[in-house]
């Protein structure tokens, strides 16, 4: 009984280490998003840290329009990065979880 428990604890610690390594790796995974007309481009990591914003000069004359572009494009980029992040971390967590009856969190 205790051998199984110790094995599970070891596997959980190993999984925790893999999750931390994956989080670090996701800092280097870049997600790009553009407005539909390509006037605004946003790049961020899969951990949702903005790396760059490229704004076409034509957007600089209309503050309200620029703000709308920023909100829409950044939100789309965050959504895309979140999907990448969750898929990567979910795969690591699912792979490392011990098989405990009734604990089917990652189906």
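Throughout, read-outs are computed from the coordinates displayed, never taken from laboratory work. All values derive from a computational prediction rather than experimental measurement. Using ideal geometry, Cβ is built from the backbone for each residue, glycine included, and neighbour counts are taken over all protein chains shown.
Once you place label points 7 Å from the Cα toward the Cβ at residue 9 and residue 91, how far apart are they in nm?
Going by the 7 Å Cα→Cβ label model, 3.1 nm.
Given that compact globular proteins tend to follow 2.2 N^0.38 Å, what is the ratio of the alpha-carbon Rg of the stretch 2-96 to that value?
1.53
Taking the square root of 5 times each eigenvalue of the Cα gyration tensor, what semi-axes in Å does the equivalent ellipsoid of the stretch 54-96 have, largest first?
The three semi-axes for the stretch 54-96 are 35, 8, 4 Å.
So between residue 36 and residue 57, what do we pick up on full extension, going 0.36 nm a residue minus the alpha carbon distance?
Answer, rounded to one decimal: 6.0 nm.
Report the Cα centroid-to-centroid distance between the stretch 25-39 and the stretch 64-80 in angstrom, as an integer.
For the stretch 25-39 versus the stretch 64-80, the Cα centre distance is 12 Å.
Suppose the chain between residue 43 and residue 20 were pulled fully straight at 0.36 nm per residue; how much longer would it get relative to their current alpha carbon spacing?
Length gained, residue 43 through residue 20: 6.0 nm.
Compute the relative contact order of the stretch 2-96 as a whole-number percentage, counting only Cα pairs closer than 8 Å that sit 6 or more residues apart in sequence. Provide the component values of the computation, followed by the final result.
On the way: 107 pairs, mean separation 29.0, N = 95.
So the answer I get is 30 percent.
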